[in-house]
Every structure is written in C-alpha cells, then in structure tokens.
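The values are calculated or read from the model by the stated rules, or taken from the named source; none is laboratory data. Remember, it's a predicted structure, so these values are computed and weren't measured experimentally. Ideal geometry is used to build each Cβ from the backbone, glycine not excepted, and the neighbour counts take in all protein chains shown. Side chains included, ligands, DNA and RNA excluded: accessible areas come from the protein's heavy atoms. Shrake-Rupley method; radii C 1.70, N 1.55, O 1.52, S 1.80 Å.
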Amino acid sequence: MGKIVLVTGAARQLGGRFVRRIQRDPGVDRVIAVDAVAPGHQLGDADFVLADIRQSAIARVLAEHSVDTVVHLDVSAKASGAGGRTSVKETNVIGTMQLLGACQKSPSVQRLVVKSSTNVYGSAPRDPAVFTETTTPKSLPSGGFAKDAVEVEGYVRGFARRRPDVAVCVLRFANILGPEPDSPLADYLALPVLPTVLGYDPRLQFVHEDDVVDVLEIAAREPRRGTLNSGTFNIAGDGVLLLSQCSRRLGRPTVPVLLPAVTWVGSALRTIGMTDFSPEQIRLLTHGRVVSTVQMRETLGFRPRFSTAETFAEFVRSRGPGLLPPELVGRAVGRLAGTSRGGGPAVTTHPTHGAR
C-alpha cells in the first residue's frame, strides 16, 4: 500500500499545484487536500476535505484516512479568503498548533513537511552578509508574517522533540515568484511606480514556483541515497538581484522616500488596497536578505532549475511592460553613472547594508 498524503492550504495556487504533482508519484496511494475554503482550481483525483485547521476536526481527518505524510502549506503572508491580518495570523499560528497536536496523537503519521520562510531571519542593519540555517538573527521579527513564521518553527521544533519517530523537514523559502505569484512582495513589484527607501539598494533572492513544487516533492518522499530530507533548509535560486536591477528589468520607475516617511507610504498603500506594505517588507526593502543554500544542495540534494535572475525574468514576462521600456531605464542609469565617472555632476552615494 502506498503513502497517504495530507496537504493543507490546497485552495491556494501553490497548494493546488503540489496536490496535482504528488498524485503522480507512484509511491503515493491517496492524497487528502484540506482547506477552509473551496479551491477555485482542479485537484485531480485528490479527496478534498473542507476543514479549518484551526479547529480540532483536523484530528479526525488524520485518523479517518490513516495519513502517514503531512505537508503543511497553509502558512502564508496573505489570506486565501475573507479576513485580514488577524485571520492570517490565526491560520498560521493557531492552525499550526492544532495540526501539530493532531499529528502528535496520530500513530500513523511518519513524516511532516512544513513550508516556512527566510523571513524568520528578519532584516536589520547589522545582519551578516549571508544567513545559514544556524545563524541567530540580530533582531528577531517583532510582528507580521515574519513573527508568525518564527512561532510556527518554534512549535514544529517542540513537536519534533515529542515525536522523534517522525521525520520533520522545514523548508525556509526565499521570496517566491513566477508567472502566478501570490505574495505581498509580488504585489509591491506589480505597482506602476515602486517606492524605495532613500539611500538603500537591498539585495534580494527569489525562488521559482516550479522549484518550490519540486523541492516539496523531494521533502515528502523517502530520502534518496546519499541525501537527508529531515531538518531545516534554506531554499533559494542562485545569485542575487539588487532592487534597482529589479525596477529596471520591470521598466518601473522608483520613487526614493526618506525612511521615516516610508511607514506613512505603506499605510496609504494598505488603505487603498494596492499592497500589504508591512513593516517587515519595509525592512526587507531597506536592508535586504541573502541566505546560504549549501545545505539545500549538499544534504537535501536539491538543485533549483531557475536562478534568482531567471525566476525574476519569468515574473517580468507575466507582468507585461511597465511604464518605461527596460532598455530606456537601463540607458538612463548608464548615462548617469558615466557622467558621474567623467567628472560631471557628482552623484552622491552612501554605503548601505543592502548593497555591500
């Protein structure tokens, strides 16, 4: 008899893709897709269960179907249905607590995969140039999705101590992009004009949606020879991009704003519903964040098909042209840099954390 896999967050685009993918695994017998809202996409031959993981009913789902593998994808920065930030936090934190409690009581559960985020490292001016999985953040996230992710991982570590017989894999994803992204950062990059923090040019990493589905499948299976898919892993594409490079490739002009005024801009954007320009996102767009993926390659045995630049290129193609042609923006920046080097009007630059 093959594996019985339960996937939370099946109504989300990423969850639906994974549900359809894992059904093709010859070692999987059944897939149980769970969400509190009905999905707007097809789930193949999966059994969909309308259930809220914040409620104790999730324990009955595990027991009734004798689930042995749980893939927890319902950890997100955005709500999938009605409700705002409060609903998202309850699903992320309370939902994870309920799910882990159900897994702890279920003797059939043998493997747990949890979708997390590199947001757990935060973004601060004294951060290291590159975070590894064991790096202690200089400043723990104080709110928003980043704090949710920290709390979720804390509960997962507690579960792993109580159930050492269960293989636990935590995947810390960098910013997920692609043709159909669903994240506050993707909403920000889709703005016609990008507000930026004056004097900062942060380094960013991305991971492609296709690579996310691929690595989730690796984590949900038995480990391949010479690899280990239990533990915590950073997941990101090779290389980095500066925010200024992103804006040029999108063809979207930037509006540098003094740091104290950025919070006001973010509040205004949230009020009109354009994007969730949260304090954690402001810190990311100020100081940036880069993580090491050595363990992803050497221990987990996963090599992304898309680099950070290739992932962003896919996102750009899906967005359509911006206000300005990317070639024009690039030439303008080049001329400005050349003028500065040639002794013309100087362009003052300041060393920033994001550009080091």
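For residue 120, which of the numbered conditions (1) touching a Leu at 6+ places or on another chain (Cβ under 9 Å); (2) crowded, with 19+ Cβ neighbours inside 10 Å; (3) closer than 14 Å to residue 8 by Cα fails to hold?
(3)
Could you check region 162-177 and list, in sequence order, the residues that are more than 17 Å from the chain's Cα centre (by Cα) and open to solvent by less than 40 Å² (accessible area, probe 1.4 Å)?
163, 166, 167, 168
Residue pairs, Cβ under 9 Å, 6 or more apart or interchain, first in region 283-307 and within 11 Å of residue 238 (Cα to Cα) and free of Cβ contacts under 8 Å to residues at least 60 places away in the same chain, second in a helix (DSSP H, G or I) and open to solvent by 20 Å² or more (accessible area, probe 1.4 Å). List them.
303/297
Name the residues in region 12-24 that are surrounded by 15 or more Cβ atoms within 10 Å (Cβ to Cβ) and either modelled with pLDDT under 95 or not small (Gly, Ala, Ser) (or both), would you?
12, 13, 14, 17, 18, 19, 20, 21, 22, 23
Among the numbered conditions (1) assigned to a helix (DSSP H, G or I); (2) over 21 Å from residue 306 (Cβ atoms), tell me where residue 211 comes up short.
Residue 211 satisfies every listed condition except (2).
Identify the residue in region 76-122 that is more than 28 Å from residue 237 (Cβ to Cβ) and polar (S, T, N, Q) and, among all such residues, is modelled with the lowest pLDDT.
Of everything passing the filter in region 76-122, 86 is modelled with the lowest pLDDT.
Test each condition in (1) more than 14 Å from the chain's Cα centre (by Cα); (2) in a helix (DSSP H, G or I); (3) farther than 18 Å from residue 313 by Cα for residue 201 and report the one that comes out false.
Unmet for residue 201, out of (1) more than 14 Å from the chain's Cα centre (by Cα); (2) in a helix (DSSP H, G or I); (3) farther than 18 Å from residue 313 by Cα: (2).
Please list, ordered by residue number, the helices (runs of 4 or more DSSP H) wholly in region 28-105 having 1 or more residues that are of a type in the set (Ser, Thr, Tyr).
Hits in region 28-105: 85-89, 95-105.
Could you pull out the residue among 125, 107 that is open to solvent by 40 Å² or more (accessible area, probe 1.4 Å) and in contact (Cβ under 8 Å) with a residue 40 or more places away in the chain?
125
Matching residues to (1) buried (at least 19 other Cβ atoms within 10 Å of the Cβ); (2) β-branched (Val, Ile, Thr):
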{"site": "38", "(1), (2)": "no, no"}
{"site": "48", "(1), (2)": "no, no"}
{"site": "51", "(1), (2)": "no, no"}
{"site": "55", "(1), (2)": "no, no"}
{"site": "62", "(1), (2)": "yes, no"}
{"site": "70", "(1), (2)": "yes, yes"}
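Among the residues of region 178-208, count how many are open to solvent by less than 10 Å² (accessible area, probe 1.4 Å) and modelled with pLDDT of 95 or more.
Number satisfying all stated conditions: 5.
Surrounded by fewer than 15 Cβ atoms within 10 Å (Cβ to Cβ), free of Cβ contacts under 8 Å to residues at least 60 places away in the same chain and of a type outside the set (Phe, Trp, Tyr): which single residue out of 101, 27, 84 fits that description?
Residue meeting the stated conditions: 84.
Here is a list of conditions, (1) in contact with a strand residue (DSSP E or B) (Cβ under 8 Å, 6 or more places away or on another chain); (2) β-branched (Val, Ile, Thr); (3) in a loop (DSSP other than H, G, I, E, B), and residue 134 meets all of them except one; can you say which number that is?
Failing condition for residue 134: (1).
Residue 234 fails exactly one of the following numbered conditions: (1) at pLDDT 95 or above; (2) outside any strand (DSSP E or B). What is the number of that condition?
(2)
Specify which of the listed residues (145, 159) is among the aromatic types (Phe, Trp, Tyr), open to solvent by 10 Å² or more (accessible area, probe 1.4 Å), in contact with a helix residue (DSSP H, G or I) (Cβ under 7 Å, 6 or more places away or on another chain) and not in a loop (DSSP other than H, G, I, E, B).
145
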